[in-house]
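Okay, structure first, notes after.
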Amino acid sequence: MVGGFSILLWIGAVLCWIAYGIQYSNNLSPSLDNVYLGVVLAVVVILTGVFAYYQEAKSTNIMASFSKMIPQQALVIRDSQKTTIPSEQLVVGDIVEIKGGDQIPADIRLLSTQGCKVDNSSLTGESEPQSRSCDFTHENPLETKNIAFYSTTCLEGTATGVVINTGDRTIIGQIASLASEVGNEKTPIAIEIEHFVRIVAGVAISIGFLFFIISVSMKYAVLDSIIFLISIIVANVPEGLLATVTVTLSLTAKRMAKKNCLVKNLEAVETLGSTSIICSDKTGTLTQNRMTVAHLWFDNQIFRADTSEAQSNQTFDQSSGTWASFSRIISLCNRAEFKPGQENVPIMKKTVIGDASETALLKFSEVISGDVMEIRKRNHKVAEIPFNSTNKFQVSIHETDDPGDKRFLLVMKGAPERILERCSTIMINGQEQPLDESTAEAFHTAYMELGGMGERVLGFCHLYLPADKFPETYSFDTDTMNFPTSSLCFVGLLSMIDPPRSTVPDAVTKCRSAGIKVIMVTGDHPITAKAIAKSVGIISANSETVEDIAKRLNVAVEQVNKRDARAAVVTGMELSGMSPGQLDEILANHSEIVFARTSPQQKLFIVEGCQRLGAVVAVTGDGVNDSPALKKADIGIAMGISGSDAAKNAADMVLLDDNFASIVTGVEEGRLIFDNLKKTIAYTLTKNIAELCPFLIYIIIGIPLPMGTITILFIDLGTDIIPSVALAYEKAESDIMNRKPRHKKKDRLVNAPLALYSYLHIGLMQAVGAFVVYFTVYAQAGFRPSRLIGLRVQWEKDDVNDLEDSYGQEWTRYQRQYLEWTGYTAFFAAITIQQIADVIIRKTRRNSVFQQGLFRNKVIWVGIASQIIIALILSYGLGSVTALSFTVLRAQYWFVVVPYAILIWVYDEIRKLFIRLYPGSWWDKNMYY
Amino acid sequence: MRRQLRSRRAPTLPHGYRFRLDDQDEMNQNYLADEEEEAEEEAQMVAMPNLEEEEKEEEQKEEEEVQDQPADNTWWQKLQLISEYLWDPEQRMSLARTGQSCSLILVIYFLFYASLAAVITVCMYTLFLAISPYLPTFTEREKPPGVMIRPFAQSLNFNFNVSEPDTWQHYVISLNGFLQGYNDSLQEEMNVDCPPGQYFIQDGEEEEDKKACQFKRSFLKNCSGLEDPTFGYSTGQPCILLKMNRIVGFRPELGDPVKVSCKVQRGDENDIRSISYYPESASFDLRYYPYYGKLTHVNYTSPLVAMHFTDVVKNQVVPVQCQLKGKGIINDVINDRFVGRVIFTLNIET
């Protein structure tokens, strides 16, 4: 409600009241016109302000509904009694108890634990559960095992601890306050609008004061000059525009919300469009965030598995005898289980109890072999050793489902080289063969190939225990391992990866062609990160890193010219030793960058580096630790599913499906809205000249006022509103994803060609057309133009009631006043009709309107209809309300200006034709906005 | 340290693989199997808490930098930028344009405005060809006719002191001036004496000159200024002339000429005890209608009705309302107090 146009309008309103005050002190009964005008202006400012606020609030509300904060409870021991209290009432020194599933209510030091594991991903970005104990293991509080942090979750086990920090003093709280310290940068669109407001305000004020001086030196009373000043300001300020921009942005925000981009801050809609660098997370954003079986190796052959979201299409050869054994091991040597009661859920969507790899294997075998639970039931498990990090394998022993075979089956999976060590034979085509040098070599090649793809590899083997040594009644003891765990039969390798989402490669290609650099920032291992980057196209197929070049040329890394490498994989370790200058160099020299093993905090460093290069940076993030980076970024994108509340709060946008492809559709919308805002502004600015000229001509040659201030407001806030919003629905003229992101400093929203073309070309044509109508109305009523010039003083005298017109007729003051209002109405009608032509030509900036399709955007026609209907209502419905200064206009006056409207259309088509014919020419540079 | 790590990792040999593969097969257990990895991780962790401090330091640095820059420096730079924009000597550019581009713009704009001017001239010209200069296209705006009085001196309040000629002399001068056109000699010379009581209709082409009916100053008798050159102001019996606004083609109802009647607007009716009207009928004779417009009806003289306020209460403000009466005359429009009526005040001091 302050700033920009509002200030100008406030000035106008105050000037109105001052003018009234001066009139009042000079004359006891001044007309209240000025007071009304002042009030109307104030109301306009307040209404647009309230409207903008309402729109903002609406989108904030969507957010609010998102984070339904459930008051957190903590189980605390006070006065040797366990009580549940809201966690904000905790104080340092309280003893709290935690069990699996709880959120940690404060930073606590653990006193006793039982198999306690916490998920610190929101804090450190590590996705693996961390075990907690009461041992002090490290100086660094983030590192030591005996501290659990506020807002992280306890996954399993129980623990008791003493509160050491609460609220803002917790680690999370400190990060949150760091986030709030990172200043809120102005969004690009806010800068653009400010720039635009400055232009318009500059024009308004300079013209206003120029004519103030002119009118004073032309011996007008100072009071009159002030009123002229007000009118010029009102004519110059597009009152409705800011509301229009807000509506336009919120319409786009709605459209984006449908495409899973929930925009918190309306202005961020456009920011996304001008983004030139996207720093994206890997897990969940680029990938599906679940381990999936990607490759299998058996019978000396690597097979590809389907890694798409549905996994419905497993095409590898399943006829081999080895596969039968292999699939049995996969099914049996697995502790993961489906949660009961999900019979109708597609396999891929079923919830599983078990860790990520086991889940992947379970789903994989469920898809291929059918009901795994049934298979396990038929092959009853008699003993099992779960996976642990010392053994690095998992073993289970089963009865077989073949009733004739009394042997037990031992199945094992684990780290491939550990498994291989325990094997003496290998199964090829269903036949056991001795494991010789060449097969071991084949194993290593396959292992390395799979590992090189960044995949997690598991080896599988089995052994039929001889029935004589292990009769049916044999009791297996897992502690003493009274069964063989060597000389097994190796069956195959299986590798898993968190595969990229199927829509991502396309989206990355789109970003490429749109000139947006996609940088991957992940906590994952560089090899995995690079593999995923390659598979989604962040690192394109033929580009190499410095290391790749070194390897190819067989020289040391130092000898490679860094500029030869398009791609770069930078680890967090390297990053932490870098100066900002070094980072800038990497960001500037490599077009394809992957940051691996980075901590969420380093994201901030990377974002700042990108911003130093002048880029508009979009950053995705989910953890609490990401929030400073999200805030620092020009547009922070939080993950809707995996994101923490802190991240969502710090972000400008929430990605509802966590999918990178949604960002790209958002970019498209953002770019479109920038183009369409240009059109809207061009449309709105045009009529300003037509509104301004009446005053200028009135002051200079002294004709009766062609159009009143109130009438201007009716155009700005009445007829023009819906068409200018309708321009937001315009489709893109060409593929907007094929051009570079706009340059922050060079590609302005309102540039010189736009202002000049709107003001000095179309605007002047409109003014001319409107004046023709004005003169027609006056001439037909009796005042020919020659009589009008210099008539102003006589015309406005209340006591002159026999003013002679061109035909010798005499007019009373009120009759003249009525004619003046008719003139207002005619001028208004003329501008309205020409604005119809204007909205049509503004549909496109380069293409012909006919190429764009005259009727493709239906909303434009709704806008045009609204324009006509509002104008008709004002003239014929409210024509008798004197305060509005509209009159019932003769029907023919609506059509006088139609040729001019057509002329505007034709002129603009010619302009566009030349732009298309001579791209890059002088004409293109000066006439294309 | 960093270099070392890098070079050690760079060749992707089985060696290097060991490390990676090792932590891949951990199956969601602790990642920190390998010493090197652990070291790396550690470094990260240590880096984390420091970040905040680093940031603050950076901020401080920035602040210092900002403070170091003197304020006028930026102003000076801005000024330089602007002057460079206005005239850039290196590239011979003004307003960021070269001379050629500039002149091209001037030419284009000149052409554009010239053709726009041509278009508007043609339009206005045809418009005025289409509009008759003799008769206005529409006249309903100024109907019903308005009323005005003479003398008129920027105000409708007549305040004067009979014994002080200075206070009323300007009324006399104004009336004399106004009535110059009504001098009998002039009227007889220019205009025809047409029969009273009927319209003076002159058929024929609209561009033909029309004759006008005489309205002699002597019709106004005591208010003509011929017998009493002070129009009664010197005796406190002021004459006020009432004139109906001219409207092309306006005709009062046949046989019912428009009459004038005045009375006290508000207050005691007896404040005005008598008014004499000249001509005595107190009406506008039908022969002065219709009016054919300034261009052809050159010598048309508007008929007048003089009101001679012969007996008005002195030394007080008397609001007077004079109304037109007749068929087709409206005299009670709320918004317009001069349609069919005129209100003025008399304050005659003795």
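What follows draws every value from the coordinates through simple rules; no lab data is involved. Remember, it's a predicted structure, so these values are computed and weren't measured experimentally. Note that each Cβ is placed from the backbone with ideal geometry, even for glycine, and that neighbours are counted across all protein chains shown.
Here the spin labels are modelled as points 7 Å beyond Cα on the Cα-Cβ line, and at B:L79 and A:D79 they lie 7.6 nm apart. One chain, two ends: A:V862 and A:I22. Fully extended at 0.36 nm per residue, the span grows by 297.9 nm beyond their Cα-Cα distance. Averaged over residues, the count of other Cβ atoms within 10 Å places the peptides A:291-299, A:680-688, A:560-568 in the sequence A:680-688, A:291-299, A:560-568, highest first. Of the trypsin sites (Lys or Arg not before Pro) in the range A:791-875, the ones in a loop by DSSP (not H, G, I, E or B) with at most 14 other beta carbons within 10 Å are A:K797, A:R856.
Name the shape class, rounded, prolate or oblate, that the alpha-carbon gyration tensor gives for the range A:533-575, where a ≥ b ≥ c are the square roots of its eigenvalues, rounded holds for a/c under 1.5, and otherwise prolate holds if a/b is larger than b/c and oblate otherwise. Taking the square roots of the gyration eigenvalues as a ≥ b ≥ c, the range A:533-575 is oblate.
If r is the Cβ-Cβ distance from B:I105 to A:F914 and R0 is 22 Å, what FRET efficiency results, to the nearest 0.05?
According to the calculation, E is roughly 0.90.
Using C-alpha pairs below 8 Å separated by at least 6 residues, the relative contact order for chain A is 12 percent.
For A:K797, the lysines whose Cα falls under 21 Å of its own Cα, not counting residues fewer than eight places away in the same chain, are A:K219, B:K143, B:K243.
Shielding of A:812-821 by partners, i.e. mean partner chain Cβ atoms within 10 Å per residue?
5
Sticking with the crude label model, points 7 Å out along Cα→Cβ, report the distance from A:E88 to B:Q180 in nm, one decimal please. Distance between the two pseudo-spin positions: 9.1 nm. For the range A:858-879 and the range A:75-120, what is the centre-to-centre distance using only Cα atoms, to the nearest Å? Going from one Cα centre to the other spans 66 Å.
The loop-placed chymotrypsin sites (Phe, Trp or Tyr not before Pro) in the range B:294-350, going by DSSP, include none that has at most 14 neighbouring Cβ atoms within 10 Å of its Cβ.
Lysine pair count for the range A:594-719 with Cα-Cα distance under 26 Å and sequence separation of 8 or more or different chains is 7.
Relative contact order, whole percent, for the range A:508-654 stands at 19, derived from Cα pairs under 8 Å and 6 or more residues apart. Per-residue ellipticity at 222 nm from helix content only, as computed over the protein assembly as shown with -39500 (n - 2.57) for each DSSP H run of at least four residues, stands at -13500 deg cm²/dmol. DSSP beta bridges confined to chain A are antiparallel in about 75 percent of cases. If you model the range A:657-793 as an ellipsoid using its alpha carbon gyration tensor, with each semi-axis the square root of five times an eigenvalue, the axes come out at 43, 15, 11 Å, biggest first. Computing FRET efficiency as 1/(1 + (r/R0)^6) for A:I869 and B:Q169, where r is the C-beta to C-beta distance and R0 is 56 Å, gives about 0.40. The dipole here belongs to chain A: it is taken about the Cα centre, uses +1 on the Cβ of Lys and Arg and -1 on the Cβ of Asp and Glu, and is about 2560 debye.
Maximal additional length on extending the A:Q559-A:L47 stretch stands at 177.7 nm, based on 0.36 nm per residue less the C-alpha distance.
Dividing the Cα radius of gyration of the range A:632-692 by its Kirkwood radius returns 1.25 for Rg/Rh. Computed over the range B:137-255, the percent of Cα pairs more than 17 Å apart is 67. Between rounded, prolate and oblate, where does the range B:211-250 land on the alpha carbon gyration tensor, with a ≥ b ≥ c its root eigenvalues, rounded for a/c under 1.5, else prolate if a/b exceeds b/c? Since a/c reaches 1.5 but b/c is at least a/b, the shape of the range B:211-250 is classed as oblate. Calculated on C-alpha atoms, the gyration radius of the range A:435-593 divided by its Kirkwood radius gives an Rg/Rh of 1.17. Hand me the GluC sites (Glu not before Pro) from the range B:242-350 located in a DSSP loop with no more than 13 other Cβ atoms within 10 Å, in residue order please. Here the sparse-neighbourhood loop sites are B:E253, B:E280. Helices assigned as whole DSSP H runs in chain A whose Cα atoms extend at least 27 Å along their own long axis and whose mean Kyte-Doolittle hydropathy is 0.0 or higher are found at A:5-26, A:33-66, A:188-217, A:660-701, A:813-841, A:898-917.
Placing dummy labels 7 Å off each Cα toward the beta-carbon, the span from A:S131 to A:K746 is 5.9 nm.
Cross-link partners of A:K551 among lysines, defined as those whose alpha carbon lies under 21 angstrom from its own and excluding same-chain residues fewer than eight positions apart: A:K530, A:K534, A:K562. Ordering A:I641, B:S103, A:Y900 by the projection of their Cα atoms onto the charge dipole of the protein assembly as shown, which places +1 on the Cβ of Lys and Arg and -1 on the Cβ of Asp and Glu, puts A:Y900 at the extreme positive end. Rounded, prolate or oblate: which one fits the protein assembly as shown, using the alpha carbon gyration tensor with axes a ≥ b ≥ c (rounded when a/c is under 1.5, else prolate when a/b beats b/c, else oblate)? Here the protein assembly as shown falls in the prolate category. Annotation for the range A:321-378 versus the range A:497-551: alpha-carbon center distance of 31 Å.
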